[in-house]
Structure formats: C-alpha cells, structure tokens
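Reviewing the structure listed below.
The values are calculated or read from the model by the stated rules, or taken from the named source; none is laboratory data. Not measured: the values here are computed from a predicted model. Please note: Cβ atoms are built from the backbone with ideal geometry, for glycine as well, and neighbour counts cover all protein chains shown. With ligands, DNA and RNA removed, areas are computed over all heavy atoms of the protein, side chains included. Shrake-Rupley method; radii C 1.70, N 1.55, O 1.52, S 1.80 Å.
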Amino acid sequence: MPEDRAAKGAHGWETPSPDATLWARRDIFSLAGWAGFAGVVGASLLAFTRFMFPRVLFEPPAVFLADRPENFVPGVVDERWKKSERVWIVRKEDGSFYALLAICTHLGCTPNWFAAENKFKCPCHGSGFKRDGTNFEGPAPRPLDRIKIAMTPEGLLQVDKSAIFRMAPGNPEAQHPQSIMRV
Ligand code: FES
C-alpha cells in the first residue's frame, strides 16, 4: 500500500513521526526538570534536618571529683588523673594542694613526671619543669598552668578545669597564691 511505504523508510524501517520525536524530547526534559526539582527539595530537606539537629561537640565535663585529702601522700605528685583529665594533683609537705595542667607550655605535648629526678620532662623538645611547675630547661617559655582545686561539702577534692591559673614566667605561687588549697 502506498501509505505503508510512506510510513516506512527506504529499508522498510519505521520512521518516527516528527510529533513522536518532539514528545520524546519533551518527556526527557520533563524528567530532567522533575529530577532537578526533587534534588533541590531533597537538599533543602537535608539542610533543614541538619539545622534541627546541629552537630554539637559534646565535651567532657570540666569539673571532676578526685579523692579525699587523706588519700594523697604529702610530697607526692599524684598521677591518677593524668591520663583521663591531663591533670596532676600535688600534695605539698605542709598538707596543702595544687593541681597542674599536664600540657607543656611550649607546644602542648604531655610531659611525664620523673619522681627520681623530681621533675616533669616533656618528651617532645625536652622542656623540664620543677615540681611546682616552674620551667627550668628547654624551650618552654613559662611554668605549667595550674587549675582551681577546692573541697566539696562531702570532703572530696574537686578540680575545675575551666578555671585555669595561667602562668607567666616566674614563680607560680607568687603569681597565683589562690592556686593553693589549704586544708
Ligand atoms: S612541646 Fe614540650 S618542649 Fe616542645
């Protein structure tokens, strides 16, 4: 039939009508449009969800309870809270206390306590600190900082790492006598 020949190409294949091609293109554009719209809506929903549940950094509490005073030996640097809190609690021979922050004042490494040598020594660049925190060797420019230490009504030592006695070069106890807790 002549119409059939017109609808088929020279090789007998069906030639899509111009309308069909146009609609196919429209479908593709339509799909792309919807996909884009869905993407924008999805991204907005994600942003909204993140807004509703902000990424909060849960820091450990700054205050911690240590032990009863009688469980600290006078003249000894107590290392029980070094690993968990980066704090040394020192009981002086006269029975008073101070708490040292175990952060080197050079670049922030954690020093070690050497009881036999009666000093803190930083493993990074060799700074040395006396028992009271005074720097005496290496590149550390100032003594170790101290932290507020107090007694609870229940008779426990309480260390507040949010209250730091920041040391300048010189005698730590002359700078911050309130860093000493007398019992
Ligand atoms: S960080 Fe301690 S000496 Fe450099």
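Miscellaneous remarks
- With respect to (1) more than 16 Å from the ligand (Cβ to nearest atom); (2) touching a residue at least 24 places away in the same chain (Cβ under 8 Å); (3) small (Gly, Ala, Ser), the lone exception for ALA116 is condition (2).
- When ARG146, ARG182 are screened for being open to solvent by 30 Å² or more (accessible area, probe 1.4 Å) and either outside the structural domain of GLU85 (by TED's automatic domain parsing) or of a type outside the set (Val, Ile, Thr) (or both), only ARG182 passes.
- Condition met for PRO153 (more than 25 Å from GLU59 (Cβ to Cβ) and touching a Pro at 6+ places or on another chain (Cβ under 9 Å)): no
Residues are listed down the side, and each one gets a yes or a no for (1) within 25 Å of GLY170 (Cβ to Cβ); (2) away from the ligand (no atom under 14 Å from the Cβ):
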site	(1), (2)
PRO69	no, yes
VAL73	no, yes
VAL77	yes, yes
GLU85	no, yes
TRP88	yes, yes
LYS92	yes, yes
PHE97	yes, yes
THR110	yes, no
PHE120	yes, no
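- Scanning segment 106-135 for residues that are assigned to a strand (DSSP E or B) and under 21 Å from ILE180 (Cα atoms) gives TRP113, LYS119, PHE120, PHE129, LYS130, ASN135.
- Flag if ILE103 is within 16 Å of the ligand (Cβ to nearest atom) and assigned by TED's automatic domain parsing to the domain that holds PRO143: yes
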